[in-house]
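The structure appears right after this line, and notes come after that.
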Amino acid sequence: MSSPIISDWLAYLGIMGYTSWKNATQIWPRIRNMLATDDVNVLQNVCRSRDLFYLTLGQENYYHCISFYGLMQYSQDWSTVAYYIRMWSHLDFMCNIGYQQFMNRSAWSCLSLLNQNQGCNDAYLANVNWNDVCPAVKNYTMCTKEAADIACKVPNGYFACEDIRLGYGANCDIRCTV
């Protein structure tokens, strides 16, 4: 993926200084912090930027640029590749399937606060086997769903679960239920 496309996408979001997909570990937290502002306009702007990125690349190039197989030719670091792919998978979920739920201000506020709770994330990172992520992702989705259902009420746990499932384990045989 060419660096100007990444730079243009980030400039649209007001994020400067990163020019490569390999900087996803710095980029995604910046975007998550933007989204945590509880400002629906920010979500709309982030989703618009995601759509423009997709349209600029076109469907075939977009999916090639966010696939393990497409990116592993440029890196030997699976975790860097996985982080970048997860970033786009989360954006795809939030800006498509989950958009309506995230537009609900009370649900968005609650889920944003819940994302700042590192318990489920820390457990995932402590237990993930990069050769077979699916068991750890399954536990991560269940942990996140339970936390969101308790803190944010049903059906918000479903959306939190789907965000994790699609972001971390799109290739795993995991289902989220309401």
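Rounded to the nearest 20 debye, the dipole size of the stretch 24-178 about its Cα centre is 200 debye, using +1 on the Cβ of Lys and Arg and -1 on the Cβ of Asp and Glu.
A Förster radius of 35 Å combined with the Cβ-Cβ distance from ASN121 to LEU52 puts the calculated FRET efficiency at roughly 0.75. Heavy-atom accessible area, probed at 1.4 angstrom with all protein chains present, ranks MET87, MET16 as MET16, MET87, highest first. In order along the stretch 143-149, the phi-based Karplus estimate (6.51 cos²θ - 1.76 cosθ + 1.60, θ = phi - 60°) of 3J(HN,Hα) comes to 4, 5, 4, 4, 4, 6, 4 Hz; Gly and Pro are listed as x. Per the Cα gyration tensor, the stretch 20-161 maps to an equivalent ellipsoid with semi-axes of 25, 21, 12 Å, ordered largest to smallest.
Note on SER79 and TRP130: the extension gain reaches 17.6 nm, defined as 0.36 nm multiplied by sequence separation minus the Cα-Cα distance. Under 12 Å of direct C-alpha separation, and excluding same-chain neighbours fewer than eight residues apart, LYS145 reaches these aspartates and glutamates: GLU162, ASP163.
In order along the stretch 8-15, the phi-based Karplus estimate (6.51 cos²θ - 1.76 cosθ + 1.60, θ = phi - 60°) of 3J(HN,Hα) comes to 5, 4, 5, 4, 4, 7, x, 9 Hz; Gly and Pro are listed as x. Computed from the Kirkwood radius of its Cα pairs, the Stokes-Einstein diffusion coefficient for the stretch 1-77 at 25 °C and 0.890 mPa s stands at 185 µm²/s. Converting phi to 3J(HN,Hα) with the Karplus coefficients 6.51, -1.76 and 1.60 and the offset θ = phi - 60°, the stretch 157-169 yields x, 4, 5, 5, 4, 4, 4, 5, 4, 6, x, 10, x Hz in sequence order, with x at every glycine or proline.
The values are calculated or read from the model by the stated rules, or taken from the named source; none is laboratory data. In this text, all values refer to a predicted model and were calculated from it rather than measured experimentally. As a convention, Cβ positions derive from the backbone with ideal geometry for all residues, glycine included, and neighbour counts pool all protein chains shown. Accessible surface is based on the protein model in full, side chains and every heavy atom, while ligands, DNA and RNA are left aside. Shrake-Rupley method; radii C 1.70, N 1.55, O 1.52, S 1.80 Å.
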